[in-house]
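Written out below as structure tokens is the structure these notes cover.
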Ligand code: KG4
Ligand code: ZN
């Protein structure tokens with residue numbers, strides 16, 4: 001069955017066509033990031049307007065890539081949260097319209113769950129018990145996973161999400177927006193031992209929770225100090241990017257592996273925009289190899305927001321008896337993993 005997925009939770013308008021939960025036939029993503037850059041973050045109004053303008057184009061583009069027509073689509077899957085309310089509503093409205101016009105079922109998909117699914121999409125055999133690490137611009141969480149829909153949150157960030165921390169540090173360093181890819185690029189020329197950061201211990205919450213606001217404040221102090229001493233130059237930016245990237249990676253790896261050990265999981269899945277980071281991917285691979293844990297990472301094109309992961313997960317959930325959404329389906333901006 002061909003599933004058409006729609007994703008409009010943030011600044012990417014995306015439509016994906018996926019056959020049997022796995023085979024990507026069409027993958028259309030248009031980002032409005034260029035229009036948010038001057039504000040240093042996503043402006044919801046601007047994101048919504050672009051979704052309205054782009055969603056029809058993306059549907060047509062994905063169908064063209066797949067070489068199929070709307071009549072070949074058997075299910076519509078759409079992200080209904082978490083995300084920006086207005087942005088989500090554009091995708092949900094488009095999905096409902098298609099579902100009514102084509103007389104095919106509609107299924108709501110959790111964006112965070114879809115980020116993890118992206119890591120499994122191309123795999124025939126799924127790990128029985130695994131730990132999931134969600135690392136995006138809006139979320140940082142560790143979950144246990146059993147099969148396609150059984151997950152339980154172990155911990156999450158108490159403050160900034162990891163992608164948000166990359167973006168804020170990028171901004172402090174005068175790099176472009178979004179900061180994640182820019183910090184990664186700058187770090188290539190840096191020495192991670194020059195400027196060290198320690199991730200502070202969390203005072204509240206559980207041992208599985210994350211906190212990244214302390215490291216961001218430490219970064220701010222270092223930048224202020226460097227400016228005072230006239231040391232804020234290309235070398236400083238590179239060393240600080242490398243030091244920050246390494247500390248954050250250490251923290252993510254340490255907690256993920258501990259979670260695998262504690263739950264006796266033999267597989268780790270990671271998904272979300274930060275999983276595009278090549279340094280993090282390499283370090284995760286090394287660490288998992290040492291621990292004999294199987295690592296599942298999405299291909300780079302499925303790490304940041306896209307709708308192939310939505311269509312893929314929608315198809316899997318539907319096959320597993322997932323409930324169709326009613327016409328009452330609406331945006332849930334604060335939806336967690338449940
Ligand atoms: O998953 P995503 O596209 O959107 C959300 O669901 O939030 O993640 C976007 C986040 C941004 O914060 C961006 O800076 C970060 O992912 N990101 C990266 C890299 N590419 C994107 N962070 C670090 N290194 C990267 N290469
Ligand atoms: Zn996302």
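FYI, it's all coordinate maths here, none of it is from the lab. Since this is a predicted model, take the numbers as computed values, not measurements. As a convention, Cβ positions derive from the backbone with ideal geometry for all residues, glycine included, and neighbour counts pool all protein chains shown.
Computed over segment 49-177, the percent of Cα pairs more than 25 Å apart is 43.
Put simply, the C-alpha atoms of segment 130-172 give a gyration tensor, and the ellipsoid matching it has half-axes of 26, 9, 6 Å, longest first. In terms of the Cα gyration tensor, with a ≥ b ≥ c the square roots of its eigenvalues, is segment 1-41 rounded because a/c is under 1.5, prolate because a/b exceeds b/c, or oblate? Judged from the Cα gyration tensor, segment 1-41 comes out prolate (a/c at least 1.5, a/b above b/c).
If you average the sequence gap of Cα pairs under 8 Å that are 6 or more apart and divide by the length of segment 6-143, what percent do you get for the contact order? Computed value for segment 6-143: 24 percent relative contact order. Here the convex hull built on the C-alpha positions of the chain has a volume of 126 cubic angstrom per residue. Can you tell me what percent of all Cα-Cα pairs in segment 137-249 are more than 20 Å apart? Roughly 43 percent, rounded to a whole number. The overall shape of segment 144-207 is prolate: from the C-alpha gyration tensor, with semi-axes ordered a ≥ b ≥ c, the ratio a/c is 1.5 or greater and a/b exceeds b/c.
In the chain, the DSSP-assigned H stretches of four residues or longer account for a calculated mean residue ellipticity at 222 nm of -14000 deg cm²/dmol, using -39500 (n - 2.57) per stretch and the full residue count as denominator. Packing, as the average of other Cβ atoms within 10 Å across residues, places the peptides 322-335, 102-115 in the order 102-115, 322-335, highest first. Estimated at 0.36 nm per residue, the fully extended path between residue 60 and residue 46 surpasses their Cα-Cα distance by 2.8 nm. Relative to the longest principal axis of the Cα atoms of the chain, the long axis of helix 234-263 lies at roughly 60 degrees. Values of log10 I(q)/I(0) for segment 233-338 across q = 0.14, 0.18 Å⁻¹ run -0.77, -1.06, by the Debye formula with one identical scatterer at each alpha carbon and no solvent. Length available on full extension from residue 191 to residue 328: 0.36 nm per residue minus the Cα-Cα distance, which gives 44.0 nm. Across segment 1-70, how large is the tail of the calculated P(r) beyond 13 Å, expressed as a percent of all Cα pairs? Within segment 1-70, distances greater than 13 Å cover 61 percent of Cα pairs.
Here r is the Cβ-Cβ distance between residue 264 and residue 289 and R0 is 22 Å; the resulting FRET efficiency, rounded to 0.05, is 0.75. May I ask you to derive the relative contact order of the chain, considering only C-alpha pairs under 8 Å and at least 6 residues apart, and to give it as an integer percent? For the chain, the relative contact order is 26 percent. Over segment 243-334, Cα pairs under 8 Å with separation of 6+ residues give a relative contact order of 25 percent.
In terms of its C-alpha gyration tensor, segment 1-121 comes out prolate, because a/c is 1.5 or above and the ratio a/b outweighs b/c. In degrees between 0 and 90, to the nearest 10, how far off the longest principal axis of the chain does helix 44-66 point, with axes built from Cα atoms? Roughly 60 degrees, rounded to the nearest 10.
Against the chain, whose longest principal axis comes from its Cα atoms, helix 111-120 is set at around 90 degrees.
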